[in-house]
Amino acid sequence: MIAKFSLTGKICFWILVLMYAAAIFANFICPYHYDDEDRDYSYCPPTAVEFKDHDRWVHPFVYGRRLTFNEVHRRVYVKDFTQKYELHLFKMGRLLSVDAPGRFYLWGADARGRDLFSRIWYGARISLSIGIFGVLISFILGLIIGGIAGYYGGWIDQVLMRICEMFMMIPGFYLMLALRAVVPENFNSLEVYASVVVILALIGWASLARIIRGMALSVRERDYVLAAKTFGVPDIVIIVKHVLPQTISYSLASLMLTVSSYILAEAGLSVVGLGIQDPIPSWGNLLSDAMQIVPVIFAPWILLPGLFIFIAVVCFNVVGDSIRDVLDPTFNESSTNL
Amino acid sequence: MNELLTIKDLTVAVGEKLLVNQASFEVSQGKIVAIAGGSGSGKTTIGLSILNLLPAALRIARGQIIFEGQDLLRLNSQELRERRGARIGMVFQEPLSAFDPLFTIGQQIDEVLAAHTSMTKQERYQQTLEVLSQVELPDPKRAFQSYPHQLSGGMRQRAMIAQAIACSPSLIIADEPTSNLDVTLQVKINAIFKVLKTKNISTLLITHDLGMINQLADEVVILRQGNVVEKGSASQVIATPIDPYTRQLVEAFQ
């Protein structure tokens, strides 16, 4: 299937693969643990890797940093040429690292001197997985409820669809906030994660169920569904085996598009401080550090998590579009013929 | 007489319009009864009424459908489901659309057996091969593994019949089983129905093909716009039609 994607589709697919790989292997590629702080390095800018020492090529190293204050008493880090720390490859199970007391900030540090690079990839574990799990749940809910509503029709359809509309009627973000308010505040991080997954699933299943229901309504008129009924096959078997598989091409594409909206929703929840709690990073709560203008002006690298949210969302949307184009080749033709 | 299926005063309506008006006829054990008539005469509607699978807009206004001593119209959905496929098999006009394209023939026959019997997977496999060979498919194992589109039209129709007889029903409803097949295949499918008759399986044949009725049917019911205009033994009705509409049909056929 990937071979049939457009060029942008392929690029986005491989970017996603890379990002997921980075998230999975975060404890290998990141120089520090996500909560490894050093307050002497608050908002330390990205560390330059040096390859030359006195115009000679040497093993890559970084200089130490010395904290000074400028004329308006703002922190300025200057290179301390007396301290050199060699970059180690594969030391202590880390891809790149430097010996303490040296610090290696590839993408800068946050307010507490934690490495942003490490926090972004540990955070990717949360941000990139929460959408997937949320989508899986709403997908299962949507398939079952949409399938039942479309297959049976009549009052069952009416009741289920009115329930769906009740969920769709409330603006997603406010529904999310309301649901989050129900969750006890003394939850540990895993429980918060699970509750965010459930909250995401609850805001998204309704629209999927409605569309599956529409497709099931048309599939149930097919002869083989009638044939299965005349052979006394139980309804649930007919729904699962003969009706729902017909909706899979649409569902796959919409799955991808929903993942991206869930990534955004989790980020939104975390930015306002209701999602995953510090010190566990997620792209949303990393970005919440960038809510005030002063740190952004003096440490613009704290906006980086936003860039990754952007990339992930765009990639999921493009891949979703590509899947739809591959599974439904007539879609593009008909839209250009209009 | 040993009546397997008795239809009494069956009336099917959509809104105020009557599609079938007080139709009554019987199907005896081991007999082939044909319902004949032009398009829109209500043939298929009667067939689907027996299984209580009419489209939602249609309703059975009156009448009784007594099958094996019980009125099918009074059964609950579970009791009906237990009879569909197990006691009454259905053969459709277009097997290509009546089989799900995503599953093999074998899987779809297996599904019917799984729904109605407590056989193990192995027993169901044997039974599926058995019914596939009963309908004289040359290579039952290959047919078992084939998807509907991989078989020819004649083979698909045989597989359809195999699915209908998988649970050894006492009645088969065949809705124009040969109208999409060429003449030589029609002869072969007719032969299969004759074999089923020797096994005491009754067939309700829905068709507009008087040639097929002539060859196969014991009795015939002629429908015109939902009304039974004539019924009787097939040879007699075709030889000496009484009703003017039956006469038209017979003349058109000759």
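The values are calculated or read from the model by the stated rules, or taken from the named source; none is laboratory data. Keep in mind the model is a prediction, meaning the values are calculated, not measured. Every residue, glycine as well, gets a Cβ built from its backbone with ideal geometry; the counts of neighbours run over all protein chains shown.
Screening the candidates B:GLN215, B:GLN248, B:GLN225 for the property of being farther than 14 Å from B:ALA34 by Cα and either modelled with pLDDT of 90 or more or within 22 Å of the chain's Cα centre (by Cα) (or both) yields one hit, B:GLN225.
When segment A:195-233 is limited to residues that are in a helix (DSSP H, G or I) and charged (D, E, K, R), the one that is nearest to the other protein chains (Cβ to nearest Cβ) turns out to be A:ASP223.
Counting the residues of segment B:109-139 that are more than 23 Å from the chain's Cα centre (by Cα) and not in a loop (DSSP other than H, G, I, E, B) gives 6.
Against the conditions (1) assigned to a helix (DSSP H, G or I); (2) farther than 30 Å from A:TYR122 by Cα; (3) without any contact (Cβ under 8 Å) to a residue 12 or more places away in the chain, A:TYR174 satisfies every one except (2). Among residues of segment A:135-169 being in contact (Cβ under 8 Å) with a residue 24 or more places away in the chain, part of a helix (DSSP H, G or I) and within 14 Å of chain B (Cβ to nearest Cβ), the one that is nearest to A:LYS241 (Cα to Cα) is A:TYR151.
Residue-by-condition table, conditions (1) within 11 Å of chain A (Cβ to nearest Cβ); (2) over 27 Å from B:ILE189 (Cβ atoms); (3) among the basic types (Lys, Arg); (4) surrounded by 15 or more Cβ atoms within 10 Å (Cβ to Cβ):
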{"position": "B:LEU48", "(1), (2), (3), (4)": "yes, no, no, yes"}
{"position": "B:LEU58", "(1), (2), (3), (4)": "no, yes, no, yes"}
{"position": "B:GLU79", "(1), (2), (3), (4)": "yes, yes, no, no"}
{"position": "B:PRO95", "(1), (2), (3), (4)": "yes, no, no, yes"}
{"position": "B:PRO101", "(1), (2), (3), (4)": "yes, no, no, no"}
{"position": "B:GLN122", "(1), (2), (3), (4)": "no, yes, no, no"}
{"position": "B:GLN127", "(1), (2), (3), (4)": "no, no, no, yes"}
{"position": "B:GLN134", "(1), (2), (3), (4)": "no, no, no, yes"}
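Each residue in segment B:60-77 was checked for being in contact with a helix residue (DSSP H, G or I) (Cβ under 8 Å, 6 or more places away or on another chain) and either closer than 22 Å to B:ILE189 by Cβ or among the hydrophobic types (A, V, I, L, M, F, W, C) (or both), and 6 pass. In the set B:ILE32, B:ILE50, only one residue is among the hydrophobic types (A, V, I, L, M, F, W, C), in contact (Cβ under 8 Å) with a residue 24 or more places away in the chain and farther than 22 Å from B:LEU210 by Cβ; that residue is B:ILE50. Take B:MET160 and tell me if it is modelled with pLDDT under 90, under 30 Å from B:GLY42 (Cβ atoms) and buried (at least 22 other Cβ atoms within 10 Å of the Cβ). Judged against the criteria, B:MET160 is not a match.
Against the criterion of being part of a helix (DSSP H, G or I), under 25 Å from the mean Cα position of the chain (by Cα) and at pLDDT 85 or above, A:VAL192 qualifies. Of the set (1) more than 9 Å from chain A (Cβ to nearest Cβ); (2) in contact with a Cys (Cβ under 8 Å, 6 or more places away or on another chain); (3) of a type outside the set (A, V, I, L, M), all apply to B:PHE67 but (2).
Residues that are within 30 Å of B:MET90 (Cα to Cα), at pLDDT 90 or above and not aliphatic (A, V, I, L, M) do occur in segment A:157-175.
Rundown of residues vs (1) within 23 Å of B:THR178 (Cβ to Cβ); (2) away from chain A (no Cβ under 13 Å); (3) not in a loop (DSSP other than H, G, I, E, B), yes/no style:
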{"position": "B:GLY30", "(1), (2), (3)": "yes, yes, no"}
{"position": "B:GLY40", "(1), (2), (3)": "yes, yes, no"}
{"position": "B:THR45", "(1), (2), (3)": "yes, yes, yes"}
{"position": "B:ALA86", "(1), (2), (3)": "no, no, no"}
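Total residues in segment A:280-311 satisfying the condition of being buried (at least 16 other Cβ atoms within 10 Å of the Cβ) and of a type outside the set (D, E, K, R): the figure is 19.
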